[in-house]
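The values are calculated or read from the model by the stated rules, or taken from the named source; none is laboratory data. Keep in mind that what you see is a predicted model, and the values were worked out from it rather than measured. In this analysis, Cβ positions are derived from the backbone assuming ideal geometry, glycine residues included, and neighbour counts consider all displayed protein chains. Calculation scope for accessible area: heavy atoms of the full protein, side chains included, ligands and nucleic acids excluded. Shrake-Rupley method; radii C 1.70, N 1.55, O 1.52, S 1.80 Å.
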Amino acid sequence: MNPLEAYAVLRVALSVALYAFFGVLLWLWWRTERASRPAPRPSAPATLTVIDAGGTGLAPERVFAVGAVCTVGRAATADIVIADEGASLEHCMIHRREGRWWIEDLGSKNGTWLNQSLVERPGPLRAGDMIAIAGVTLRFMEADAARAA
């Protein structure tokens with residue numbers, strides 16, 4: 001290999017190394033920028049707001065987020081804990097099915113009330129519905145309905 005060929009190979013190798021170096025720098029910058037952006041806070045698809053806390057000690061107007069499946073009851077494992085002796089350990093469940101929200105009593109002793117009617121089988125929920133469990137009254141709101149109001 002003569003000196004001119006060696007010089008040409010060296011120029012190509014240095015060009016490739018320079019482009020690779022700048023590519024790595026650009027990739028590292030992109031990764032840092034992407035990681036430093038705050039992630040959007042996921043909003044709850046629905047909420048339950050305490051209207052009447054009864055003797056439970058819950059704060060009036062306290063808002064509970066309702067996920068795809070939410071259990072309500074006296075048990076510490078419930079998503080929303082109602083510390084009232086009239087509430088069963090697993091009192092009721094709110095869940096999303098077929099694009100709608102449903103409430104279902106889980107065989108509670110004192111029953112779950114929806115808009116002053118006893119819940120005997122799973123029934124659909126609408127924004128503004130009132131749910132009574134023992135001495136506690138909660139208002140159900142969908143996130144879309146809350147934003148519109």
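Only Lys, Arg, Asp and Glu carry charge here, each on its Cβ (+1 for the first two, -1 for the last two); on that basis the range 17-130 has a dipole of about 640 debye about its Cα centre.
Within a Cβ distance under 11 Å of Ser88, other residues only, what is the Lys/Arg minus Asp/Glu net charge? So the environment of Ser88 carries a net charge of -2. For the range 50-142, trypsin sites (Lys or Arg not before Pro) are listed when DSSP marks them as loop and at most 16 other Cβ atoms sit within 10 Å of their Cβ; the list is Arg62, Lys109, Arg126. Note on the chain: with a GNM built from Cα contacts shorter than 10 Å, the maximum mean-square fluctuation among Leu118, Leu58, Leu25 falls on Leu25. Per residue, the solvent-accessible area of the chain (1.4 Å probe, heavy atoms of protein chains only, all protein chains present) comes to 68 Å².
Within a Cβ distance under 10 Å of Phe140, other residues only, what is the Lys/Arg minus Asp/Glu net charge? Neighbour charge sum, excluding Phe140 itself: 0. Grouping the Cα pair distances of the chain into 10 Å bins from zero gives a pair-distance distribution of 10, 31, 18, 7, 7, 7, 7, 6, 4, 1 percent in increasing distance order.
May I ask for the net charge around Arg62, where only other residues with Cβ less than 13 Å from the Cβ of Arg62 are counted and Lys, Arg are +1 while Asp, Glu are -1? That sum, taken over residues with Cβ under 13 Å, equals -1. Of all segments of the chain bounded by GluC sites (Glu not before Pro) found in a DSSP loop with no more than 13 other C-beta atoms within 10 Å, the longest spans 1-60.
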